[in-house]
1. Trypsin sites (Lys or Arg not before Pro) within segment 119-219: which are DSSP loop residues with at most 12 other Cβ atoms inside 10 Å?
2. Using r as the Cβ-Cβ distance of Ala41 and Lys12, and R0 as 25 Å, what FRET efficiency do you calculate, to the nearest 0.05?
3. If contacts are Cα pairs under 8 angstrom and at least 6 residues apart, what is the relative contact order of the chain in percent?
4. Distance check, please: which entries in Lys50/Lys72; Lys31/Lys85; Lys123/Lys270; Lys47/Lys85; Lys12/Lys72; Lys212/Lys291 exceed 20 angstrom between their Cα atoms?
5. Report, by chain and number, residues whose modeled amide H sits under 5 Å from the one on Thr251, excluding near sequence neighbours (fewer than 5 apart, same chain).
6. Using Cβ contacts closer than 10 Å as the measure, can you line up Leu131, Leu74 from fewest to most?
7. Can you list residues from other chains, or at least 5 along the same chain, whose modelled amide H is less than 5 Å from the amide H of Ser312?
8. Counting helices only, and only those DSSP H runs with n ≥ 4, report the 222 nm mean residue ellipticity of the chain as the sum of -39,500 (n - 2.57) divided by its residues, in deg cm²/dmol to the nearest 500.
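All of the numbers you see were taken from the coordinates with simple rules; none came from a lab. It should be emphasised that the depicted structure is a prediction, and the values quoted were computed from it without experimental measurement. Note that we place each Cβ from the backbone using ideal geometry, even for glycine, and neighbour counts take in every protein chain shown.
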Amino acid sequence: MALSDTACRSAKGRQAEYKLSDGGGLYLLVKPSGTRLWNQAYRFSGKQKKLSHGAYPSVSLADARRLRDEAKKLLASGVDPGANKKVAKLTAVISATNTFGGIADEYLQRIEDEGAAASTVTKNRWLLVDLAGPDLSARPIADITPAEILALLQRIERSGRRETARRLRSVIGTVFRLAVSTLRAKDDPTLLLRGALKAPKVRRRAAITDEKHLGALLVAVDVYDGWPTLRCALQFAALTFARPGEVRGATWAEIHVEEAVWRINGARTKVRRPHEVPLSRQALAVLGEVKEVSRRSTLVFPSIRSNARPLSENAMNAALRRMGFTQDEMTAHGFRAAASSILNERGFRPDVIEAALGHQDQNEIRRAYNRASYWPERIELMQAWADCLDQLKQTP
């Protein structure tokens, strides 16, 4: 006798599970807990088998009958409906991992596992999920065309965010190259879009390069009465002229006091290569001071709010503003320009300065040679720069 929806709805759990048959092999299995599951009994190749159609009432009586009839059609054509269902699930899983969104998630997880800074992961996630996601996430990556990507990038470009459009093209290309390396795409369509976007308007970061004015700034930093790790971070940035993000994310594992060197993880550098910074006596002294404040943290310059998080992206610039230096006068990144300008004016070798700044030489052989040959000069350069800063602070 066929079931009714009323019978299904009123079925209650008993001490032992029981079945309510609807015909054609379909039955409602009622568990002691009251859970009701649709199953279908069938035979294939002489073997008794069972096919699940989901739980009632999520799957209604009408839906269960439709699924039963579809399974019977497969049986009539010589196909095992249970095996067919497993293949369909597997295909769905494979298809999901072959979408742009699925591979983008893999890329984000990979850079996180490799130790990329949290800010880097967050920015890339925003680019891939929030900006590219609505257009590309569900698309099979092998089907995405250069024209689709260009339309997305030009829409962002027209909104005035030229630099964002260029960064998005770059990170989309990284996802495609991951897909190519894992045989899920044939090529990277972003390569065809080079030169298709307008160049971003260059905004030079403000920097004090006058020696007298830089000395006054350094004195202001030394007497800054804000959070100690923030003051030390500014002093360290001035002495090492590393990028602000590299300073903020510095860990004690990267600091080798005995060798007087700071080895920055390649995942944290702009050029994605490890960078070593010789530490002057003054830089080591700053590290010794901040260690007393951040000894419970793996970070050299932890946040004011949490030892587990680095200083915020705007913390050093905000401190400069509180000291009275406007955004048109000086930024945390400006210490790099100041060092480059003054060291070049004082006659230090430009190639050694470039190596100390961590700028990427495009020639791989020359890059490896320079890294080895310039090291003794870089050690002398960093100590000379630290001594120069001490002198500037004494200049009236």
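1. Lys186, Arg194, Lys198, Lys201, Arg203, Arg204
2. Here the calculated transfer efficiency is 0.65.
3. 11 percent
4. Correct reply: Lys31/Lys85; Lys12/Lys72; Lys212/Lys291.
5. Hits under the 5 Å cutoff: Val300.
6. Leu74, Leu131
7. The list, which skips near neighbours in sequence, is Ile304.
8. Helix contribution divided over all residues of the chain: -15500 deg cm²/dmol.
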